[in-house]
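Undergrad: Structure incoming, see below.
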Amino acid sequence: MLITREIRVTPEQRMVLEAARREFAADVIFLNSATMGLPPRRTIEAVQAGLIEWTSGRAEAPAYDGAVSRARSLYADLVGVDASSVAVGGQVSVFAGLIAASLPDNSEVLTAAGDFTSIVFPFHAHADRGVSAREVPLEDLADAVTSRTSLVSVSLVQSANGHVLDLDALVSACDGAGTRILLDTTQAVGWLPVDAGRVAYTVSGGYKWQLIPRGTAFLTIQRDLLDEVRPLNASWYAGAERWSSIYGAPLRLAKDARRFDVSPAWLSWIGAVPSLELLTEVGTDALYAHAVGLAHRFCAGVALPESRSAIVSAVADDDVPGLMRSAGIVGVTRAGRLRLSFHVSTSEQDVDKAIEVLSGHLRS
């Protein structure tokens, strides 16, 4: 993906970012949104209010539909598609499994080496009917597409190291070969501008960069492909009129992407709305400039190569775990490397402290 947006936060964007950052209350330097995003204050308050209503006995199941609908619309706006192209569920792998099951026998699927298994395993599970999953290095993905390739399943941003896919090259190669793309945007939506309409399918988990409680996921599907994917889950929640089609045959599902909905975990979707509203208020340009700008600041401070991602991955020496614990810095080890991620909740002061603690202990 060719990212040409300027990595500079304007004074106006800085004011919005500072207001947003005041909604976070971590008592550590949290550099781990790629694992589990921090909830803003408004999200905590919304979920607590939902718990109180549930506890009081006054909660009504149909009333939760408003939160689900609002979250669907907000997410659609973030990724540049119409809400009718978005399905909601609980896990990325459930939606990836739907796409895997829709492939004809003997299809070839192209995947990236070391990609997250939720968009790899579902295709290997169909080996008994001749579906083959061919793995190549991420940088070779576009060149590996052939006329035999039915689908490319790949993350827009790699979970292990934050590498950003060259989506322009992949789309060009797939257009030429008549190949569809399933794009996992879990590590992208929330900091990287995403145009989901460019590809056949996208899947995204909400509990990382989107700052949503776990148990939320989204599928986008191009409208002309709706009838090619069998709604294997056929949830009651996917009914055309969900509260009047909850008993008996015949099958009567929604006409749009909502036919793929999985019954939602209500409290998680209550929390989804304020988190997505916060991201929308800040805006994708500001989120991108802020996150990548902080990653640049960190890399420069610890003598690592410049990153074009909000995720920084580095080899850490044996002192690093103890140094981070002592300083209250939260990151994670993935694929044998330290992984740090910078988001709306991160300040320049957080980054400067991390530089002070980790300088001299990391290498590329």
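Undergrad: Quick check on this structure: which one of 344, 312 is under 21 Å from the mean Cα position of the chain (by Cα) and part of a strand (DSSP E or B)?
TA: On the way: 344 fails: part of a strand (DSSP E or B).
Exactly one of 344, 312 is under 21 Å from the mean Cα position of the chain (by Cα) and part of a strand (DSSP E or B), namely 312.
Undergrad: Right, here's the next one. Identify all residues within the stretch 114-129 that are part of a helix (DSSP H, G or I) and either under 27 Å from residue 218 (Cβ atoms) or among the hydroxyl-bearing types (Ser, Thr, Tyr) (or both); write none if there are none. Before the answer, list the steps.
TA: Within the stretch 114-129, the first condition is being part of a helix (DSSP H, G or I), and the residues that meet it are 117-119, 121-124, 127-129.
Correct list: 117, 118, 119, 121, 122, 123, 124.
Undergrad: For the stretch 130-236, give me every one of the strands (runs of 3 or more DSSP E) that falls completely inside it and has 1 or more residues that are surrounded by fewer than 23 Cβ atoms within 10 Å (Cβ to Cβ). Spell out the reasoning first.
TA: Numbers: elements: 132-136, 149-155, 180-184, 201-205, 217-221.
In the stretch 130-236, 132-136, 149-155, 180-184 are the strands (runs of 3 or more DSSP E) which contain 1 or more residues that are surrounded by fewer than 23 Cβ atoms within 10 Å (Cβ to Cβ).
Rundown of residues vs (1) within 21 Å of the chain's Cα centre (by Cα); (2) part of a loop (DSSP other than H, G, I, E, B); (3) touching a residue at least 12 places away in the same chain (Cβ under 8 Å), yes/no style:
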{"residue": "12", "(1), (2), (3)": "no, no, no"}
{"residue": "24", "(1), (2), (3)": "yes, yes, yes"}
{"residue": "38", "(1), (2), (3)": "yes, yes, yes"}
{"residue": "42", "(1), (2), (3)": "yes, no, yes"}
{"residue": "52", "(1), (2), (3)": "no, no, no"}
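Undergrad: For residue 111, state whether it is of a type in the set (S, T, N, Q) and either part of a helix (DSSP H, G or I) or out of contact with any Lys or Arg (no Cβ under 8 Å at 6 or more places or on another chain) (or both).
TA: Numbers: of a type in the set (S, T, N, Q): yes; either part of a helix (DSSP H, G or I) or out of contact with any Lys or Arg (no Cβ under 8 Å at 6 or more places or on another chain) (or both): no.
Here the answer is no, as residue 111 does not meet what is asked.
Undergrad: Kindly evaluate residue 10 against the criterion of being surrounded by fewer than 18 Cβ atoms within 10 Å (Cβ to Cβ) and over 18 Å from residue 268 (Cβ atoms). Break it down stepwise before answering.
TA: Working: surrounded by fewer than 18 Cβ atoms within 10 Å (Cβ to Cβ): yes; over 18 Å from residue 268 (Cβ atoms): yes.
Against the criterion (surrounded by fewer than 18 Cβ atoms within 10 Å (Cβ to Cβ) and over 18 Å from residue 268 (Cβ atoms)), residue 10 qualifies.
Undergrad: Could you list, in sequence order, all residues of the stretch 274-318 that are over 21 Å from residue 29 (Cα atoms) and in contact with a strand residue (DSSP E or B) (Cβ under 8 Å, 6 or more places away or on another chain)?
TA: Passing the criteria: only 308.
Undergrad: Still on this structure, please answer the following. Out of all the residues in the stretch 266-286, is one or more in a loop (DSSP other than H, G, I, E, B), charged (D, E, K, R) and out of contact with any Cys (no Cβ under 9 Å at 6 or more places or on another chain)? So that I can check it myself, show each step before the final result.
TA: Here is the first cut: in the stretch 266-286, the ones in a loop (DSSP other than H, G, I, E, B) are 283.
Then drop every residue that is not charged (D, E, K, R), which leaves none.
Within the stretch 266-286, not a single residue is in a loop (DSSP other than H, G, I, E, B), charged (D, E, K, R) and out of contact with any Cys (no Cβ under 9 Å at 6 or more places or on another chain).
Undergrad: With within 25 Å of residue 197 (Cβ to Cβ), of a type in the set (Val, Ile, Thr) and modelled with pLDDT of 95 or more as the only criterion, which of 92, 47 stands out? Write out each step before concluding.
TA: Details: 47 fails: within 25 Å of residue 197 (Cβ to Cβ).
None of the other options fit; the residue is 92.
Undergrad: Any idea how many residues of the stretch 201-218 are among the β-branched types (Val, Ile, Thr) and under 12 Å from residue 268 (Cβ atoms)? Reasoning before the result, please.
TA: Step one: filter the stretch 201-218 for residues among the β-branched types (Val, Ile, Thr), giving 202-203, 212, 216.
After this cut, where a residue has to be under 12 Å from residue 268 (Cβ atoms) as well, the list is 212, 216.
Final tally of qualifying residues: 2.
The values are calculated or read from the model by the stated rules, or taken from the named source; none is laboratory data. Not measured: the values here are computed from a predicted model. Note that we place each Cβ from the backbone using ideal geometry, even for glycine, and neighbour counts take in every protein chain shown.
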